[in-house]
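Trainee: Shown below is the structure under consideration.
The values are calculated or read from the model by the stated rules, or taken from the named source; none is laboratory data. What you see is a predicted model, and the numbers here were worked out from it, not measured in a lab. With ideal geometry, Cβ positions are generated from the backbone for all residues, glycine too; neighbour counts draw on all protein chains shown.
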Amino acid sequence: MSEVRVRMAPSPTGDPHVGTAYIGLFDMAFARHHGGKCVLRIEDTDRERSSKESEEAIYRALRWVGIQWDEGPDCGGPYAPYRQSERSHIYKRHALQLVESGAAYYCFCTVERLARMRQAMQKRKSPPMYDGKCRNLSADEVQSHLDAGERPVIRLKVPKEGETAYTDLIRKRGQQVVFQNRHIDDQVLLKSDGFPTYHLANVVDDHLMKITHVVRAEEWVNSTPKHILLYKAFGWEPPAYAHMPLLRNPDKSKISKRKNPTSLDWYRQNGYLPEALLNFLALMGFSAEKGKEIFSLETMIREFSWDRVTTSAPIFDMKKLEWLNGTYIRQLSIDELIERLRPFASVGQLDQGEKTAKMVAIIQERMKTLAEFDKWTWFFFTDELDYGAELLVAKKMTPETTAEALATCVPAFKAVDDWTTEALERLGRELCERLGLKVRQLFMTLRVAVTGSAKSPPLFESMEIMGKDRCLARLETAQVKLEQVN
RNA sequence: GGCCCCGUCGUCCAGCCCGGUCCAGGACACCGGCUUUUCACGCCGGCGACACGGGUUCAAAUCCCGUCGGGGUCACCA
């Protein structure tokens, strides 16, 4: 195989899409497995919807998640420019060339006529296709339309007979996907504003940029014969095609932001680790050797083969992503985790040296996302614990017995000099015996008093981190709360 | 509706190409247990699928045909 060259071709419309990263991941795994190159091309031919901000967001998001490219608008390359809006003249020239060779034609039909025609055809239950009104206009007719100032589009003249087929790297087990030409529409190549459609720009660029393998989502299979026909019209050799399964919503429809988070920014902002997201995306269609579930990008690159990619469209399972994210969080070193946590903490919350390290250590195995930092640590950073007094009363305890227990505990803790986890736990267990209480009873009361919640990080570690004064203050507050109930 | 793709536990994936080792394996979720000061982590166990019907064969999840189901696509959007 000559040098493998693949491209990612996102459109800068809206938020950076998880599907872009998904396809990009497979592009990259395949290319790097073969020592090939990855191109990033911005497909901004839709002037209405494309924006510069969206383009920037794509770079940022792709870099964040770990997708890399060798050539692109931001880093240049031998086939620049890589932004389609800067290549208009190229597409126009190529479209004109096809008109001259007779493979394409000018069409002067108005959007209104087209819409009416489509409606009528749908009523007759036949697939809506262009009726070919302008397919065989004479040179004179074309000229008079042009003279009248009409802005035509250029359409591909698809043969009425025969079939067009291609072999997909992923589906049909190597058998060809076959389309009857009569089902293929005379696709618009150049819009009346002089901009190309996806089909033209895509084919021209892929050829000019020497792309050898087109990896894209399954939604494009029906366009593939149009593209093959276009290559043929130009006299070019088409690339190989790999159509990836479509990511789906829980209701099985194509993934959409209404039903599932699709923005890469959302995953970053909600505390997902990029390496976990990437691993998860890889799991949607790719299976590593020996059934490995957790593996790095390097592993995927090393083991990559189209044979290991599935055909069926997976449903995006947030539960599994959360689990994966949790295991990745647990694999981080404390220092690394602290750094990752910064965007999710307020200023100063992670700058207490040893204390911070201890705090992060006890929440590490509890967090599913970085965004849960606050959920597990809020009580360290406030002295206003808002809980109901009844929470202090453990099973088989009453407000009275709880108050009595606390009355014994407070002076005991006050007397502690060595305010460490070990010493505190020793004392705690001693107090249980002295009071004739079960460990879970007394500790629950203490836990609620200190953390404000029945679910919290380990009690004595938390107490050590918080310090003696604050803990005692909280125990006293608990006593007051209980009195108010009684 | 036409065309195209797909169809193994609720979900993701292995097995299918090269039929027997599969009364189908792993993971998430769920349920139960152990551990345990709560929650969580960890460990153990359970639940649970070859869409259906024909064929071919000594033998089919694996090959063939049909049916059904799901998705995608039919724009001067990509």
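Trainee: So A:Arg87 fits all but one of (1) charged (D, E, K, R); (2) surrounded by 14 or more Cβ atoms within 10 Å (Cβ to Cβ); (3) free of Cβ contacts under 8 Å to residues at least 24 places away in the same chain; what number is the exception?
Mentor: (3)
Trainee: Another question, then. Can you say whether A:Arg113 is surrounded by fewer than 15 Cβ atoms within 10 Å (Cβ to Cβ), near RNA strand B (Cβ under 9 Å from one of its atoms), at positive phi and not in a loop (DSSP other than H, G, I, E, B), as far as the supplied structure shows?
Mentor: When the stated conditions are applied, A:Arg113 does not pass them.
Trainee: When segment A:392-423 is examined, which residues are found to be assigned to a helix (DSSP H, G or I) and aromatic (Phe, Trp, Tyr)? Before the answer, list the steps.
Mentor: Our first condition is that a residue be assigned to a helix (DSSP H, G or I); within segment A:392-423, this holds for A:392, A:399-414, A:421-423.
Matches in segment A:392-423: A:Phe413 only.
Trainee: Mind listing whichever residues of segment A:166-181 are more than 9 Å from RNA strand B (Cβ to nearest atom) and either surrounded by fewer than 14 Cβ atoms within 10 Å (Cβ to Cβ) or not assigned by TED's automatic domain parsing to the domain that holds A:Ala217 (or both)? Before the answer, list the steps.
Mentor: The initial filter retains those residues of segment A:166-181 that are more than 9 Å from RNA strand B (Cβ to nearest atom), namely A:166-167, A:169, A:181.
Passing the criteria: only A:Thr167.
Trainee: Continuing with the same structure: Among the residues in segment A:33-44, are any without any contact (Cβ under 8 Å) to a residue 60 or more places away in the chain, over 18 Å from the mean Cα position of the chain (by Cα), within 16 Å of RNA strand B (Cβ to nearest atom) and under 21 Å from A:Gln187 (Cα atoms)?
Mentor: There is at least one residue in segment A:33-44 that is without any contact (Cβ under 8 Å) to a residue 60 or more places away in the chain, over 18 Å from the mean Cα position of the chain (by Cα), within 16 Å of RNA strand B (Cβ to nearest atom) and under 21 Å from A:Gln187 (Cα atoms).
Trainee: With the requirement that a residue be within 6 Å of RNA strand B (Cβ to nearest atom) and over 17 Å from the mean Cα position of the chain (by Cα), what does segment A:309-325 give you?
Mentor: Keep residues of segment A:309-325 that are within 6 Å of RNA strand B (Cβ to nearest atom), which gives A:310-315, A:317, A:319-320, A:323.
Those that are within 6 Å of RNA strand B (Cβ to nearest atom) and over 17 Å from the mean Cα position of the chain (by Cα): A:Thr310, A:Thr311, A:Ser312.
Trainee: For A:Val450, state whether it is more than 29 Å from A:Leu324 (Cβ to Cβ), surrounded by 18 or more Cβ atoms within 10 Å (Cβ to Cβ) and among the β-branched types (Val, Ile, Thr). Please lay out each step first, then the result.
Mentor: Numbers: more than 29 Å from A:Leu324 (Cβ to Cβ): yes; surrounded by 18 or more Cβ atoms within 10 Å (Cβ to Cβ): yes; among the β-branched types (Val, Ile, Thr): yes.
Here the answer is yes, as A:Val450 does meet what is asked.
Trainee: Further question on the same structure: When segment A:329-354 is examined, which residues are found to be within 11 Å of RNA strand B (Cβ to nearest atom) and not β-branched (Val, Ile, Thr)? So that I can check it myself, show each step before the final result.
Mentor: Keep residues of segment A:329-354 that are within 11 Å of RNA strand B (Cβ to nearest atom), which gives A:329-331.
Of everything in segment A:329-354, those that are within 11 Å of RNA strand B (Cβ to nearest atom) and not β-branched (Val, Ile, Thr) turn out to be A:Arg330, A:Gln331.
Trainee: Which fully enclosed strands (runs of 3 or more DSSP E) of segment A:1-108 have 3 or more residues being more than 30 Å from A:Gly132 (Cβ to Cβ)? Lay out the reasoning, then the answer.
Mentor: On the way: elements: A:5-8, A:37-40, A:104-107.
Here the list reads A:5-8, A:37-40.
Trainee: Only helices (runs of 4 or more DSSP H) wholly contained in segment A:327-391 count here; list those with 1 or more residues that are over 21 Å from A:Gly452 (Cβ atoms). First the steps, then the outcome.
Mentor: Values: elements: A:334-341, A:354-364, A:373-377.
Where helices (runs of 4 or more DSSP H) fall fully within segment A:327-391 and carry at least 1 residues being over 21 Å from A:Gly452 (Cβ atoms), they are A:334-341, A:354-364.
Trainee: Further question: Can you tell me which residues in segment A:160-187 are in contact with a helix residue (DSSP H, G or I) (Cβ under 7 Å, 6 or more places away or on another chain), assigned to a loop (DSSP other than H, G, I, E, B) and touching a residue at least 60 places away in the same chain (Cβ under 8 Å)?
Mentor: A:Leu169, A:Ile170
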